[in-house]
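The values are calculated or read from the model by the stated rules, or taken from the named source; none is laboratory data. Remember, it's a predicted structure, so these values are computed and weren't measured experimentally. Virtual Cβ from ideal backbone geometry, glycine too; neighbours counted across all protein chains shown. Protein only, heavy atoms only, side chains kept; ligands, DNA and RNA dropped before computing areas. Shrake-Rupley method; radii C 1.70, N 1.55, O 1.52, S 1.80 Å.
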Amino acid sequence: RELPRIAEAVDAIYEALKAGGRLIYCGCGTSGRLGILDAVECPPTYSTEPDMVQGVIAGGERALFKAVEGAEDSFEGGAEDMRALGLCRKDILVGIAASGRTPYVLGAMEYAKSLGCTTVAVTCNKGSDMNAAADIDIGVEPGPEVITGSTRMKSGTAQKMVLNMLSTGAMIRLGKVYGNLMVDVKPTNEKLVRRAISIVATAAKATEDEARAALEQCGYSAKTAIVMLAKGLDAREAALRLEENGGIVAAALGEE
């Protein structure tokens, strides 16, 4: 039922990121941790700059590991953390809370709206204050928890699925995916180097030896290596072709 609003949020996030803004997730407890989890995976998966997608949790970094009681009850605390982050009009704020009525997140959303930021609510309570306040309201309703009130369970799982959709959809639109391949992967360890080789070989219909050789010539840019092999170009020519096509592999290959 929420897919149309999730799609609307993906479009809004894409437009914000394309214009140089940031995607900011904001939540408390499990919801805050889920936002941070989604944010920290964007740089290794899509080679985004570390500040492009960020997660903010009530109580700060220590709340990642230990509950900070009372932090979620501070309406002003949410606004203060957004100020400290330097939130501005071109950013987009996604507030996350199972109940949809957490004061900290509501404070962050109100501050964002005062700046003219687009706001998105991700809750498990469609009729909540957060949904009413947001420009785009997403309210997935997974039903009663197995343990009453333990919203880290069904609600947390549902919210995680929505956040996956938001970031993945936006990154696809930014050209960081080709087919179902994460062609902007940053190969910072042996596992990711192997993955980059596999991605290039699959996309360019090449052998792994050919993929490795192309990656070595272009500084391990999977996108560039794919264009090199598919179009018979050297690294410089392939990089230029990608640049001319906005970094989108399909366009650089003449597929769209």
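Data for the structure
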quantity: Subset of the stretch 135-184 (residues that are of a type in the set (A, V, I, L, M, F, W, C) and within 14 Å of the chain's Cα centre (by Cα)); calculated: Met161, Val162, Leu163, Met165, Leu166, Ala170, Met171, Ile172, Leu174, Val177, Met182
quantity: Search result, residues across the stretch 15-31 that are among the hydrophobic types (A, V, I, L, M, F, W, C) and over 18 Å from Glu76 (Cβ atoms); calculated: Ala16, Leu17, Ala19, Leu23
quantity: Total residues in the stretch 113-143, condition of a type in the set (A, V, I, L, M, F, W, C) and not in a helix (DSSP H, G or I); calculated: 9
quantity: Test: residue in the stretch 25-48 that is surrounded by fewer than 21 Cβ atoms within 10 Å (Cβ to Cβ), out of contact with any Gly (no Cβ under 8 Å at 6 or more places or on another chain) and among the aliphatic types (A, V, I, L, M); calculated: no
quantity: Matching entry among Thr157, Thr119 (being open to solvent by 40 Å² or more (accessible area, probe 1.4 Å) and in contact (Cβ under 8 Å) with a residue 12 or more places away in the chain); calculated: Thr157
quantity: Which numbered condition Ala108 misses (of (1) farther than 30 Å from Tyr178 by Cβ; (2) open to solvent by 20 Å² or more (accessible area, probe 1.4 Å); (3) part of a helix (DSSP H, G or I)); calculated: (2)
quantity: Complete set of residues in the stretch 49-102 that are under 21 Å from the mean Cα position of the chain (by Cα), open to solvent by 30 Å² or more (accessible area, probe 1.4 Å) and within 21 Å of Ala132 (Cα to Cα); calculated: Arg89
quantity: Inter-residue pairs, beta-carbon under 8 Å, first closer than 15 Å to Tyr104 by Cβ and in the stretch 123-140, second open to solvent by 10 Å² or more (accessible area, probe 1.4 Å) and part of a loop (DSSP other than H, G, I, E, B), 6+ apart; calculated: Thr123/Ala98; Thr123/Ser99; Thr123/Val140; Ser128/Ser99; Ser128/Arg101; Asp129/Arg101; Met130/Arg101; Met130/Thr102
quantity: Members of the stretch 78-112 found to be among the basic types (Lys, Arg) and touching an Asp or Glu at 6+ places or on another chain (Cβ under 8 Å), listed by number; calculated: Arg101
quantity: Long-range neighbours under 6 Å by Cβ, at least six apart or interchain, first residue within 21 Å of Pro103 (Cα to Cα) within the stretch 43-68, second at pLDDT below 95 and in a helix (DSSP H, G or I); calculated: Ile57/Ala63; Ala58/Ala71; Ala58/Glu72; Gly59/Ala71
